[in-house]
Structure formats: C-alpha cells, structure tokens
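The block underneath contains the structure these notes are about, expressed in structure tokens.
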Amino acid sequence: VTRGVVDLPAVIWAASMIAFWLFATSVMVEMKKGA
Amino acid sequence: LANVLTIFRRELAGYFATPIAYVFLIIFALLTGLFTFYVGNLYERGVADLLPFFNYLPWLLLVLVPAISMRLWSEERRAGTIELLMTLPVSTGAAVTGKWLAGVVFVAVALACTLPMWWTVNYLGQPDNGIIAVSYLGALVLAGVYLAIGGCMSALTSNQVIALCWLLPRVSCSSLQEHPSCWTDFARCCRRPLSRPSRHYLRSHTMRV
C-alpha cells in the first residue's frame, strides 16, 4: 500500500484560484451593493 | 471567524431546508454508481481500485457544482434577503467565505455518499487506500475551485439560469473540448492542455510514492 502524495504546486494553485475567485465575488457583491 | 461560521451555518441549513438537497444527493450517488459500475466497468476491469469513479467524477462535478453555486447569491437577490444580509454586522468577505464553505461541505456530503464504493473495492480486493484518500481530497479541492468560480458568476446576476450559463463555460474551460478518453490516458493528460483544475486534479489522484 502506498501513501497518497499531495501535489504541493497543485494545492497552491488551487488555493490561489479559490482566493482569487472569492475576492472577485466580494468585489462583485460590493459593487452590486453600491448600485 | 464567528461571522463566517454564522453565515456558514445559515447557508448549510438553507441547503437542507428543502427536499431538493436530498433528492440531489441521491441522484448524485446513483449517477456515480452508474458511471463507475456500468460505464466504467469496475467489475470487468478486474482491478480493485476506484479509477473509473475518479475518471468520471470531474464530469459529474460539472453538473453538481453549478447546481449548488448558482443559487449562492442569485437566490438571495431573488428572495430579497440580500438587503437583510448586507445590513447585518457581517463583512462581505465573511459572507462570501461562509457561503463558499457551506457549498464545500455540501459537496463533501455528496462525496461521502459515494464512500460505500470505497468499501466495495476493499471487499473485492486490496486497493491502494492512500491514493483513494488523496483522490477524494483532490476532488474536494477541485469542487472548491468550481464553487468559488460559480459563486462569482452567481453574484453577477439575479437569474439562476443565466448564472449557470455564465458558469458552465468557465468551469469546464477546455476540459469539455477534450476527448473523454484523455482522462484515462495519464501520459497524454500531462502533455495536453487540459483546463488547469482538471489537470491538477488528475495529477493529485494519479501520483504515488
């Protein structure tokens, strides 16, 4: 039985994608709130 | 953090307040079983692993995740509760994070419905449980990326269908243009320009020590 390996660059990339899109959502909601 | 948890609990309770969530979870479990056992030929392969399941999972997530994420903000706007939410002493960032977390937990529940398949392959043989565990983790991260994109698309419009139309091309990116067989041909997958979430997902569930 092998141990699963966490692909660190993939995790970093996914985390940055999530952070980016959550930030974009915040901006979008703020813009809609102001409108 | 307390605000994030408050929004998270409210949103998660919202998911399970209607029977639609349960119906959806059942449909997801049935579809994964169908794709794994019949389309993926789990028994005929004669190998005790969940490769057929993880091969088709990104495609199922393409259906599941938009259905979850398209209502995140557009439903609030349609129901008129967005004003109430915005007047609460909760920052926009906390609201966005809480809603996203609730979506991730909902996907985790949907993935948990497929755990009997893991038990099945353990009953049939001696699968590599480490790789299966990391594959589940990779699937959850992939769903997290899709949910984050979907949440943003949902914030763009008050119409859920339009949000879905905005979302689908973005989450599928180039992966839908690829032939499905590329999911099983790992060497080719590394060379071909799949969409980044899908490619990284594949790498996470095929790497081993």
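Hey, any hits in segment B:81-101 for a residue that's surrounded by fewer than 20 Cβ atoms within 10 Å (Cβ to Cβ), aliphatic (A, V, I, L, M) and within 20 Å of B:TYR146 (Cα to Cα)? Yes, because at least one residue in segment B:81-101 is surrounded by fewer than 20 Cβ atoms within 10 Å (Cβ to Cβ), aliphatic (A, V, I, L, M) and within 20 Å of B:TYR146 (Cα to Cα).
Answer yes if at least one residue in segment B:25-38 is at negative phi and modelled with pLDDT under 80, and no otherwise. Step through it out loud before you land on a result.
Here is the first cut: in segment B:25-38, the ones at negative phi are B:25-38.
Next cut, modelled with pLDDT under 80 only: none.
Checking segment B:25-38: not a single residue is at negative phi and modelled with pLDDT under 80.
The set of residues in segment B:27-42 being without any contact (Cβ under 8 Å) to a residue 24 or more places away in the chain and in a helix (DSSP H, G or I) consists of B:ILE27, B:LEU30, B:LEU34, B:PHE37, B:TYR38, B:VAL39.
All conditions in (1) farther than 18 Å from B:GLY151 by Cβ; (2) within 9 Å of chain A (Cβ to nearest Cβ); (3) surrounded by fewer than 23 Cβ atoms within 10 Å (Cβ to Cβ) hold for B:ARG77, with the sole exception of (1). Each residue in segment B:96-137 was checked for being under 22 Å from B:LEU64 (Cβ atoms), out of contact with any Ser or Thr (no Cβ under 8 Å at 6 or more places or on another chain) and of a type in the set (S, T, N, Q), and 2 of them qualify.
Please determine, by comparing only the residues of segment B:88-97 that are outside any helix (DSSP H, G or I) and of a type outside the set (S, T, N, Q), which one is nearest to A:ALA19 (Cα to Cα). Spell out how you get there, then give the answer.
Taking segment B:88-97 as the starting set, the residues that turn out to be outside any helix (DSSP H, G or I) are B:88-91.
If we keep only those that are of a type outside the set (S, T, N, Q) too, we end up with B:88-90.
Numbers: B:LEU88: 23, B:PRO89: 22, B:VAL90: 19 Å.
Residue satisfying both the conditions and the ranking: B:VAL90.
Quick one: in segment B:111-137, which of the residues that are more than 8 Å from chain A (Cβ to nearest Cβ) and under 16 Å from the mean Cα position of the chain (by Cα) is most open to solvent (accessible area, probe 1.4 Å)?
Just the residues of segment B:111-137 that are more than 8 Å from chain A (Cβ to nearest Cβ), to begin with: B:111-125, B:127, B:136.
Checking the rest, the ones that are also under 16 Å from the mean Cα position of the chain (by Cα) come to B:111-115, B:136.
Working: B:LEU111: 9, B:ALA112: 49, B:CYS113: 55, B:THR114: 3, B:LEU115: 75, B:TYR136: 25 Å².
That would be B:LEU115.
Among the listed residues B:CYS165, B:CYS189, identify the single one that is modelled with pLDDT under 80 and open to solvent by 10 Å² or more (accessible area, probe 1.4 Å). Before you say what the answer is, go through the steps one by one.
Numbers: B:CYS189 fails: open to solvent by 10 Å² or more (accessible area, probe 1.4 Å).
When all the criteria are applied, what remains is B:CYS165.
Of B:LEU61, B:LEU72, B:LEU85, all but one fail to be within 14 Å of chain A (Cβ to nearest Cβ), modelled with pLDDT under 80 and assigned to a helix (DSSP H, G or I); the exception is B:LEU85.
The values are calculated or read from the model by the stated rules, or taken from the named source; none is laboratory data. Worth saying up front: this structure is predicted, and the values here are computed from it rather than measured. Cβ atoms come from the backbone with ideal geometry, glycine included; neighbour counts cover every protein chain shown. All accessible areas refer to the heavy atoms of the entire protein, side chains included, with ligands and DNA or RNA removed. Shrake-Rupley method; radii C 1.70, N 1.55, O 1.52, S 1.80 Å.
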